[in-house]
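Colleague: Quick one: the structure is below, questions incoming.
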Amino acid sequence: MEDILVFGVPLDPDEREEVVRRKHDVTKRSALGYTDPYSALCSKFSFNKKLLGNFPVESWLTPIPNEEELFMCTVENYVGFIDCDGCWEYTMAIKKFLDESANNKRSLMIAVDHSVAAASILRSCEQYGKEDCGIVVFDSHFDGILPSYRCGLIQYDIDTNPSSNFDKNDPFIFGRTESFNADSFLFKLINDGLVEPNNIIVAGVSDYPSNKTAKIKDERVEKFVEFYHHYEDLGVTIIPKEKIKANPRAFDISSLDCSSLHVSVDVDVGSRNALYVDIFIYYKGLSSSEIFYMLDKVLQSKKKVVSADISEIDVWRANRKHFGKQDNTYTIASRIGNKLFS
């Protein structure tokens with residue numbers, strides 16, 4: 001049996017104030033069991049593997065920065081990193097690493113920020129041909145939305161929702177660059193012709209525009225809805241969470257006319273349901289049985305899983321109680337990896 005290359009990418013440029021603040025909390029830092037998702041998971045995979053360790057990331061950009069670089073951990077610095085396409089620079093560096101070290105081996109990436117999944121996707125599309133490489137993404141968000149569209153929704157919510165969770169005085173919801181980041185990485189892959197849109201399935205999304213949203217007469221909302229749906233016009237298959245809950249067969253892998261696959265699992269697809277820890281936990285996602293049903297369908301298709309990633313794992317919240325329930329993210333994530341490659 002071939003060895004699967006397993007490596008981590010602890011890139012974590014989350015700009016949210018509460019996330020930045022906790023990195024400075026000495027008590028919380030000392031109580032953590034693991035400093036990154038790869039360290040938590042690498043020993044839990046039962047398939048034949050070669051462990052490559054973590055790809056090197058500047059300490060201030062990791063979940064648990066060292067004390068010497070804590071002074072760099074500010075909202076402004078993370079915003080600057082994202083807006084200057086720092087995530088794309090790291091993605092290209094990771095792809096170069098894979099090109100030089102992976103040869104023809106299959107790989108599993110354990111990551112924090114979902115954007116770096118693009119490194120494995122690009123490598124697989126080059127290695128097997130983008131026409132014959134499908135991309136299956138399990139995610140609670142559709143990660144093809146440029147910052148201006150997301151920020152437009154935030155501004156609309158502030159203007160119309162008295163109980164909005166957003167701050168109207170936040171300077172970083174205006175004038176952002178259209179950067180490559182965890183919320184938008186599919187845009188660049190598709191817009192630059194690096195992948196085939198009709199070879200992409202994104203399943204389990206909770207942010208699919210509802211009929212109610214589509215009827216809102218506000219330019220910011222209308223632009224978001226139009227931009228979201230234009231991906232379907234290009235050939236991308238987007239399957240909302242509600243459709244999967246109503247009928248799991250809504251996930252149909254046979255619609256992909258290809259023999260190779262990259263499988264990308266953003267753990268928030270199961271947030272507040274299958275598990276209780278991920279970077280963005282705003283939605284209640286799918287159950288573990290629904291997630292593993294879809295993974296079974298992937299494997300039953302006989303398409304070859306040539307690469308995969310498990311992303312958006314939050315070590316600050318893992319294995320703790322949330323909403324009165326014990327989190328089991330590490331257990332779910334290791335099961336996903338073992339199912340894909342055992």
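Colleague: Of everything in the range 287-328, what is of a type in the set (A, V, I, L, M, F, W, C), in a helix (DSSP H, G or I) and under 16 Å from S342 (Cβ atoms)? Give them in sequence order.
Modeller: If the condition is that a residue be of a type in the set (A, V, I, L, M, F, W, C), in a helix (DSSP H, G or I) and under 16 Å from S342 (Cβ atoms), then F292, L295, V298, L299 are the ones that fit.
Colleague: Taking the residues in the range 165-187 that are charged (D, E, K, R) and within 20 Å of the chain's Cα centre (by Cα) as candidates, determine which candidate is surrounded by the most Cβ atoms within 10 Å (Cβ to Cβ).
Modeller: Checking each candidate, the answer is D183.
Colleague: If you don't mind, another one. Quick check on L61: is it more than 15 Å from L11 (Cα to Cα) and touching a residue at least 12 places away in the same chain (Cβ under 8 Å)?
Modeller: For L61, the condition - more than 15 Å from L11 (Cα to Cα) and touching a residue at least 12 places away in the same chain (Cβ under 8 Å) - is not met.
Colleague: Pull up the range 96-110, narrow it to residues that are in a loop (DSSP other than H, G, I, E, B) and basic (K, R), then point me to the one that is nearest to N181 (Cα to Cα).
Modeller: The selected residue is R106.
Colleague: So, one more: When the residues of the range 194-203 are filtered to those that are open to solvent by 30 Å² or more (accessible area, probe 1.4 Å) and not charged (D, E, K, R), which remaining residue is farthest from H114 (Cα to Cα)?
Modeller: Applying the filter and picking the extreme gives N198.
Colleague: Between S148, S163, S140, which is of a type outside the set (F, W, Y) and touching a strand residue (DSSP E or B) at 6+ places or on another chain (Cβ under 9 Å)?
Modeller: S140 is the lone residue from the list that is of a type outside the set (F, W, Y) and touching a strand residue (DSSP E or B) at 6+ places or on another chain (Cβ under 9 Å).
Colleague: Hey, another quick one. Keeping to the range 204-225, report how many residues are exposed (fewer than 13 other Cβ atoms within 10 Å of the Cβ) and either not basic (K, R) or not in a helix (DSSP H, G or I) (or both).
Modeller: Number of matching residues: 5.
Colleague: Still on this model: With the condition kept exactly as written, say whether any residue in the range 111-132 is assigned to a helix (DSSP H, G or I) and modelled with pLDDT under 95.
Modeller: no
Colleague: Quick check on the range 296-342: of everything there that is at pLDDT 95 or above, under 20 Å from L5 (Cα atoms) and of a type in the set (S, T, N, Q), which residue is surrounded by the most Cβ atoms within 10 Å (Cβ to Cβ)?
Modeller: Looking at the filtered set, the residue picked out is S307.
Colleague: Check the range 53-68 and report whether any residue there is within 18 Å of V19 (Cα to Cα) and of a type in the set (S, T, Y).
Modeller: yes
Colleague: Filter the range 1-48 for residues that are of a type outside the set (K, R), part of a helix (DSSP H, G or I) and within 24 Å of Y78 (Cβ to Cβ) and give the result.
Modeller: E17, E18, V19, V20, V26, T27, S30, P37, Y38, S39, A40
Colleague: Checking the condition free of Cβ contacts under 8 Å to residues at least 40 places away in the same chain, under 26 Å from K49 (Cα atoms) and over 22 Å from the mean Cα position of the chain (by Cα), which residue from E126, E100 passes?
Modeller: Criteria check complete, one pass: E100.
Colleague: Which one of H230, H262 is within 20 Å of the chain's Cα centre (by Cα) and either modelled with pLDDT of 95 or more or not in a loop (DSSP other than H, G, I, E, B) (or both)?
Modeller: Residue meeting the stated conditions: H262.
Colleague: What's the number of the condition A31 fails, among (1) under 20 Å from the mean Cα position of the chain (by Cα); (2) surrounded by fewer than 17 Cβ atoms within 10 Å (Cβ to Cβ)?
Modeller: With respect to (1) under 20 Å from the mean Cα position of the chain (by Cα); (2) surrounded by fewer than 17 Cβ atoms within 10 Å (Cβ to Cβ), A31 is out only on (1).
Colleague: Further question: Considering the range 154-196 alone, what residues qualify as being in contact (Cβ under 8 Å) with a residue 24 or more places away in the chain, closer than 24 Å to E131 by Cα and in a helix (DSSP H, G or I)?
Modeller: Within the range 154-196, F185, L186, F187, K188, L189, I190 qualify.
Colleague: Within the range 74-95, is even one residue basic (K, R) and surrounded by fewer than 17 Cβ atoms within 10 Å (Cβ to Cβ)?
Modeller: No, the range 74-95 has no match at all.
The values are calculated or read from the model by the stated rules, or taken from the named source; none is laboratory data. These figures come from a predicted structure and were not determined experimentally. All Cβ positions, even for glycine, are placed from backbone atoms using ideal geometry, and neighbour counts span all protein chains on display. Quick note on the areas: whole protein, heavy atoms, side chains included, nothing else; ligands and nucleic acids left out. Shrake-Rupley method; radii C 1.70, N 1.55, O 1.52, S 1.80 Å.
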